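Trainee: Here it is: the structure, laid out below.
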Amino acid sequence: MKTSDCEILIVPGHTNSGEDHWQSRWERQLSTAWRVEQENWDAPNRDAWVERIARDVERAEKPVVLVGHSLGVLAIAHAAPRLANSKARGAFLVSLPDVERPDFIPAIDRAFAPIPREPFPFPSVLVASRTDPHCDYAKAEDIAYSWGAAIVDAGDAGHLNTESGHGPWPEGLMRFAGFLKQL
């Protein structure tokens, strides 16, 4: 699949992805990309986020490839059962947050936990860092396997966001292009 064959649905995490974040850059670069706009980025509500994703997939005119970061990954995971038999054809997921940790960000709706472990109804890949402050690599790997997702070891890359130096993130874009070719 090429980018022109699908709609790329960008699914940011808590507080949205800023102007320099790789998701925002991809949205500007890729002509078929657009962002899920959540009603409240600062106090995420699981049901509202899942509903918005499902609605945006439904309104797409072409097959959809989801691109999630951080809490957006979990929102996609919670939405996945609703996306079976939909236009969703794949999910490129980056930096799973471990919302099951007791010290996780208080503003996050506790309903995001537990992390779903059912296989996704479409192909997926999870990119995880060995030094992500929000999730241990072993936990990300375990969750990826339960989803049926390919796991990509990003090495020492922090949370794969602007703060960790991943604004442009050309390696991620190349990995995404490779994922699209498999769909």
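The values are calculated or read from the model by the stated rules, or taken from the named source; none is laboratory data. Note that the structure is predicted; figures quoted are calculated from it, not measured. Glycine also receives a Cβ, built like all others from the backbone with ideal geometry; neighbour counts cover every protein chain displayed. The area values use the complete protein model at the heavy-atom level, side chains included, leaving out ligands, DNA and RNA. Shrake-Rupley method; radii C 1.70, N 1.55, O 1.52, S 1.80 Å.
Trainee: Sort out which residues of segment 74-88 are surrounded by fewer than 22 Cβ atoms within 10 Å (Cβ to Cβ) and out of contact with any strand residue (DSSP E or B) (no Cβ under 8 Å at 6 or more places or on another chain), and write them in order of number. Full working, then the answer.
Mentor: Within segment 74-88, the subset surrounded by fewer than 22 Cβ atoms within 10 Å (Cβ to Cβ) is 78, 81-82, 84-87.
Residues satisfying the conditions are 78, 81, 82, 84, 85.
Trainee: Working carefully through the options 29, 38, 23, find the one that is touching a Phe, Trp or Tyr at 6+ places or on another chain (Cβ under 7 Å) and of a type in the set (S, T, N, Q). Steps first, answer last, please.
Mentor: Working: 29 fails: touching a Phe, Trp or Tyr at 6+ places or on another chain (Cβ under 7 Å); 23 fails: touching a Phe, Trp or Tyr at 6+ places or on another chain (Cβ under 7 Å).
Going through 29, 38, 23 in turn, the sole match is 38.
Trainee: Oh, and also: Consider only pairs whose beta carbons are under 9 Å apart and that are at least six residues apart or on different chains; among these, list those whose first residue lies in segment 137-151 and is within 16 Å of residue 80 (Cβ to Cβ) and whose second residue is among the charged types (D, E, K, R).
Mentor: From residues that are within 16 Å of residue 80 (Cβ to Cβ), the pairs are 143/98; 143/117; 146/117; 146/118; 147/117; 147/118.
Trainee: Residue 64 versus (1) open to solvent by less than 20 Å² (accessible area, probe 1.4 Å); (2) out of contact with any Cys (no Cβ under 7 Å at 6 or more places or on another chain): which is the lone unmet condition?
Mentor: Of the numbered conditions (1) open to solvent by less than 20 Å² (accessible area, probe 1.4 Å); (2) out of contact with any Cys (no Cβ under 7 Å at 6 or more places or on another chain), the odd one out for residue 64 is (2).
Trainee: Go through 30, 71 for me and flag whichever is more than 13 Å from the chain's Cα centre (by Cα) and either open to solvent by 40 Å² or more (accessible area, probe 1.4 Å) or not basic (Lys, Arg) (or both).
Mentor: Working: 71 fails: more than 13 Å from the chain's Cα centre (by Cα).
Answer to the check: 30.
Trainee: Moving on. For segment 63-71, indicate whether the set of residues that are free of Cβ contacts under 8 Å to residues at least 60 places away in the same chain, in contact with a helix residue (DSSP H, G or I) (Cβ under 8 Å, 6 or more places away or on another chain) and assigned to a helix (DSSP H, G or I) is non-empty.
Mentor: Checked segment 63-71: at least one residue is free of Cβ contacts under 8 Å to residues at least 60 places away in the same chain, in contact with a helix residue (DSSP H, G or I) (Cβ under 8 Å, 6 or more places away or on another chain) and assigned to a helix (DSSP H, G or I).
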